[in-house]
Structure formats: structure tokens, C-alpha cells
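Remarks on the structure that follows.
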2 protein chains.
Amino acid sequence: MARNERASSPGAPVPVPRQRLDAEARRAQLVDIGLELLRTRPIDQIVLDEVIERAGISNGLLFHYFPTKRDYQLAVVETAAAELLASLEPDRTLAIGDQLRGGLEAYLDYIEEHPLAYRSITRSAGSDEAMLAVVERIKDAIVELIAEPIVPEPDALLRLAIRGWIGSAEECALLWIRERPCDREVLVDLLMRAGLHLVALIGELTSGAPLP
Amino acid sequence: MARNERASSPGAPVPVPRQRLDAEARRAQLVDIGLELLRTRPIDQIVLDEVIERAGISNGLLFHYFPTKRDYQLAVVETAAAELLASLEPDRTLAIGDQLRGGLEAYLDYIEEHPLAYRSITRSAGSDEAMLAVVERIKDAIVELIAEPIVPEPDALLRLAIRGWIGSAEECALLWIRERPCDREVLVDLLMRAGLHLVALIGELTSGAPLP
């Protein structure tokens, strides 16, 4: 907003950029309400009437931004996924194992704070292709975060191997938030063992050693 | 049915068992139609009108057996899950590694033959508790199949570790049927490496060795 204000001469109307910015802010506000609601209920149980009431807007205005309930749910899950991803940015000055552990701890922090958002990101796509695409994008972004210090441009097989580890972390985390079968540090140790095994495996695969 | 026919004296009416059997057969027929439809579309895109038409029954009769669309979808996914599980029964005369490989091959056979049923089992629960319960039951049954020759009664930590491997297999299999990033034998080798690492880990955990 500051940039637009600087660019316009005093008093000159800047209707198009101003309007676009307002629209963006309104859209962000509506998505934020969804993220807030996602703290207490899963994405498929968010009722649009409550969003409208909280935002103090008309039914029609919500549908202007999000023509269908699914569009709204998609935008909320997309934003939740982006927040999860932003929280995973590793400290690249650390050793690879410590980067992996740091990422895992940040991942579990997010899940503990936003269990329903996490479940929505990982398990609410069903057969919805747009929602599946969100899930695919975030998982591929996590693959890149993990691969970067080892193999900056992972091939299809390495991507598959890393996605397998992410799948393992996801399954364990979902089970863990449902049932808490062990202390969090035990969960971290379990996933770290599998993760370090993966790092060793990547080394092997990258050196071109044949599969057994 | 043969048993009922033997047990009844000739000509005597056996209305209750016969009726119950008919109801079960009708229910099974309706579920079979769902399994057939699941070959070409995901569970949430199965239209009840088509089920009614294929079965040649009335709307009311379908709703007699399945009061809601969700009840019907649940029954279809439950049956698909039971079929997947039945296909995994290992040959217990083999070495543990070979049992694991056999189970993995059978798992991938099922997925290759029923990709949409597999996606429905693993990813269609959303926040539906009854559907989640189906998924939990099948995963725990697979945990038992894997654990039996190693640790017949796995504790919470071993169950978590094995579920982690199942999550890894699931993620890799779903990615693989979507994109086919490598030959199937490479996928099997990748998952076998992680699986054998898990078997070694179970040995360590069971011997009471402390986690690092």
C-alpha cells in the first residue's frame, strides 16, 4: 500500500490499485476467519454462515470472493499449507542431521498447535483435484527443503524416497495427535532414525550403486 | 443357505432365516455394484441413481439398506478394505524378509488393479469418524500381519513404527500410481530397504536398547 501511495501525486485518484488492494485485504480477512475456525473444527465442517457473520458482510459479498464453499475451503487449506511450509525453513548453517531434526521439530510444533488444519491439509483432498494439487505442491516443497543440502535437484527416484519418509512422518504424526502413544521425543527419535537411514540411502542411490 | 435347507423339514416354511439371507444377499449385491463402479470413478463421485438402475430396484429399497449416501459409501469402502486385507495374508513358511516382500507385492497388485478403491480407502475419510475407523482398523490389521512373526503383540511404540512404514508405502504407492516415476521393481526395492531397516529397528527396540 505504501508503494502505491508514494507513486501517486497528492490528491490524484488511484482507483484501480486501491480497489484491488482492498479486495485482497478483504479476501485475506475471510481466509483468516477460516484459519481461526479451523482451530476448533475440521475444514469440511466450517459453515459459511458463521464466516459471513464474523466478517460482518453479506452473503453475496462472500460469494463474490468465493463462488462455492469448496473454493473457500480450498483457499483456507492453501493458506494453512503455506503457513506450515513457512515454519519449516531450516537453518542452513547446521549439519544435515540437525537441519532434519530442526525441521521435524518445527513440523510437530505446527501439528500440535494446529491439529485440525494439519488433518485438513493431509487428509481432506478426497478426489478433489484442486485440493490434491495443494497437497502435492506442499509435499514437493518439503522434498526440496530436505534434498537441498544433499542433492539440490533430486531425480524422480530420490523424490519418491523422500516423499516416502514424509508419508511416514505424516502417518506417525496423525496417529500421535489422535492417540499420544508415546512422548514427543520418542516420536522424534523414531522419525529421525528413519530419516537418517534415508539420508544414507540417498547417498547410495546418488553414487549410482545398484539396488539389491 | 444349504445348511438352512438341510435343517428344515421338507415343505416347512423357514421365513426368518430365508428373509435374512435374502436381505444380506441384496445388500451384498448393492455393495458389489459400488465396487464395480469404483473401478472407474472415486467413491465420492458414485451416484446412487446409477446404483439403483444397475440393481433394478426402487429408490426406497436402496434407502432401506443404506439410509444415507454416506452409509452406502462407507459399506463399499469397508468391503474394498476387507478385500485388500484378504489379499495380504502372508505365507508364514517363508523367511521374514520374504514375507514382507510377498505382502508388498500383493499390496501393489491390489493397488494396480484397484487404484480408485485404494485411493478411497486411504484418502477419503476426511473428518468422517466412521470412515476414519475403517482406515484405522485396516492399518492396525496390517500392523498385526507384519508384526506377527517378529513380535506377536506389538506395544504402542512398535505399532507406531510399523504404521510409519505403512504410511511410507502408502505415500509412495499413491505417488507411483499417479505418476509412475520408476519401474515397479524399483519401488518395491525402495520400500523393502525401509522395511528391512524397520525390522532391524524393531529388534533393537524389543531388546530394550535405549533410543539415542
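The values are calculated or read from the model by the stated rules, or taken from the named source; none is laboratory data. Keep in mind the model is a prediction, meaning the values are calculated, not measured. No Cβ is skipped: glycine too gets one built from the backbone with ideal geometry, and neighbour counts run over all protein chains shown.
Yes or no: the range B:184-192 includes at least one residue that is assigned to a loop (DSSP other than H, G, I, E, B), within 9 Å of chain A (Cβ to nearest Cβ) and without any contact (Cβ under 8 Å) to a residue 60 or more places away in the chain. Checked the range B:184-192: no residue is assigned to a loop (DSSP other than H, G, I, E, B), within 9 Å of chain A (Cβ to nearest Cβ) and without any contact (Cβ under 8 Å) to a residue 60 or more places away in the chain.
Are any of the residues in the range A:157-179 in the same structural domain as A:Ala86 (by TED's automatic domain parsing) and not in a helix (DSSP H, G or I)? No; the residues of the range A:157-179 include none that is in the same structural domain as A:Ala86 (by TED's automatic domain parsing) and not in a helix (DSSP H, G or I). Annotation: B:Arg101 fulfils all but one of (1) under 22 Å from B:Leu190 (Cα atoms); (2) within 14 Å of another protein chain (Cβ to nearest Cβ); (3) touching a Gly at 6+ places or on another chain (Cβ under 6 Å); the unmet one is (3).
Among residues of the range A:157-181 that are more than 8 Å from chain B (Cβ to nearest Cβ), those with a beta-carbon under 8 Å from a residue that is β-branched (Val, Ile, Thr) and outside any helix (DSSP H, G or I) at least six positions away or on a different chain give the pairs A:Leu158/A:Val151. Please go through the range B:123-133 and give me each residue that is assigned to a helix (DSSP H, G or I) and within 13 Å of chain A (Cβ to nearest Cβ), ordered by number. Matches in the range B:123-133: B:Arg123, B:Glu129, B:Met131, B:Leu132, B:Ala133. Listed by first and then second residue, the pairs linking a residue in the range B:118-142 that is more than 15 Å from A:Ser124 (Cα to Cα) and modelled with pLDDT under 90 to a residue that is buried (at least 21 other Cβ atoms within 10 Å of the Cβ) and of a type in the set (D, E, K, R), with Cβ atoms under 6 Å apart and 6 or more places separating them unless they lie on different chains, form an empty list. Scanning the range A:185-212 for residues that are loosely packed, with under 13 Cβ neighbours inside 10 Å and at pLDDT 90 or above gives a single hit, A:Glu185. Among the residues of the range A:124-182, the ones that are aromatic (Phe, Trp, Tyr) and under 15 Å from the mean Cα position of the chain (by Cα) come to 0 in all.
Against the definition (within 28 Å of A:Arg178 (Cα to Cα), in a helix (DSSP H, G or I) and either within 14 Å of chain B (Cβ to nearest Cβ) or of a type in the set (S, T, N, Q) (or both)), how does A:Leu108 come out, yes or no? Considered against the rule, which asks whether it is within 28 Å of A:Arg178 (Cα to Cα), in a helix (DSSP H, G or I) and either within 14 Å of chain B (Cβ to nearest Cβ) or of a type in the set (S, T, N, Q) (or both), A:Leu108 comes out as yes. For the residues A:Glu148, A:Glu136, the requirement of being surrounded by fewer than 18 Cβ atoms within 10 Å (Cβ to Cβ), closer than 26 Å to A:Pro42 by Cβ and more than 8 Å from chain B (Cβ to nearest Cβ) singles out A:Glu136.
Number of residues in the range A:45-85 that are aromatic (Phe, Trp, Tyr) and free of Cβ contacts under 8 Å to residues at least 24 places away in the same chain: the value is 1. A single member of A:Ile57, A:Ile111 is β-branched (Val, Ile, Thr) and buried (at least 19 other Cβ atoms within 10 Å of the Cβ), and it is A:Ile111.
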